[in-house]
Amino acid sequence: MNQGRSMAIRWGLVLCIFAGIGSLIWLALPEAPASVQQGDYLTEFTLPDAQGAMQSLPKGEVLLLNFWATWCPPCRREIPSMARLYDKYAPRGLNIVAVSVDQRRDDLVSFMQEYRMPFQVLHDADSAVSRQYGVFRYPESFLIGRDGKVIRHLIGAVDWMSEPILRTIDGMLGEAARATDGVKRGDDKAEQG
């Protein structure tokens, strides 16, 4: 009986030690980055494009900001519909910026040559901007209004030509057009008065 009790105490002590070590490791882990969510404002950044020229995000435009990688199968699947979305809405004011987290620029350039990507592609080789946005699942996208506010935060591959997405983009572009018309009308009134 004494031996059984002694063994139970030893195992209890071992479990307590492992629990204590586990707690210390958990507390020592770095904090996860805060994710940019719906209603937040766009965080500005500058990254190189595929040719190495530094580029900033466009301001005052309806924007689809997409984080992706060439090694990500869902990312590869969504690129063609993103290209079609750009073809359809770029003339109305939609801008797309696709941020690749590939480490090697050669992989990115090869991919861009294989796939038709008519929109701006930037290279986040060290994933610093992705971490700044709290992105760690690919693809991950943000629909951003002219005012820089995140309208939608989408995680995973998206069919960019689906009806709900098209309605959202139509609404965002319609609001942008109404805001622009209102400014123009206001200017006209000021000139008349």
Practice task
Inspect all residues belonging to the range 37-47 and state whether any of them is over 23 Å from Asp102 (Cβ atoms), under 17 Å from the mean Cα position of the chain (by Cα) and modelled with pLDDT of 90 or more.
Solution key: no
Exercise for the section: Hey, can you tell me all the residues within the range 91-101 that are in a strand (DSSP E or B) and either among the charged types (D, E, K, R) or open to solvent by 20 Å² or more (accessible area, probe 1.4 Å) (or both)? Expected result: Asn95
Practice task
Could you run through the range 48-86 and say how many residues are more than 20 Å from Asp102 (Cα to Cα), hydrophobic (A, V, I, L, M, F, W, C) and touching a strand residue (DSSP E or B) at 6+ places or on another chain (Cβ under 6 Å)?
Solution key: 2
Fill in the blank from the handout: Those residues of the range 50-71 which are modelled with pLDDT of 95 or more and surrounded by 15 or more Cβ atoms within 10 Å (Cβ to Cβ) amount to Gln55, Val62, Leu63, Leu64, Leu65, Asn66, Phe67, Trp68, Ala69, Thr70
Exercise for the section: Scan the range 122-167 for residues that are assigned to a loop (DSSP other than H, G, I, E, B) and polar (S, T, N, Q) and report the count. Expected result: 2
Problem - Options Arg84, Arg116, Arg104, Arg146: the member that is open to solvent by 70 Å² or more (accessible area, probe 1.4 Å), out of contact with any Cys (no Cβ under 9 Å at 6 or more places or on another chain) and modelled with pLDDT of 95 or more - result: Arg84
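For Ile21, indicate whether it is at pLDDT 75 or above, on the phi < 0 side of the Ramachandran plot and either of a type outside the set (Phe, Trp, Tyr) or surrounded by 10 or more Cβ atoms within 10 Å (Cβ to Cβ) (or both).
It is true that Ile21 is at pLDDT 75 or above, on the phi < 0 side of the Ramachandran plot and either of a type outside the set (Phe, Trp, Tyr) or surrounded by 10 or more Cβ atoms within 10 Å (Cβ to Cβ) (or both).
The values are calculated or read from the model by the stated rules, or taken from the named source; none is laboratory data. The structure presented is a predicted model; accordingly, all values stated were derived computationally and were not measured. Quick reminder, even Gly has a Cβ in these numbers, built from the backbone with ideal geometry, and neighbours come from all protein chains shown. For accessibility, only protein heavy atoms count, side chains too; no ligands or nucleic acids. Shrake-Rupley method; radii C 1.70, N 1.55, O 1.52, S 1.80 Å.
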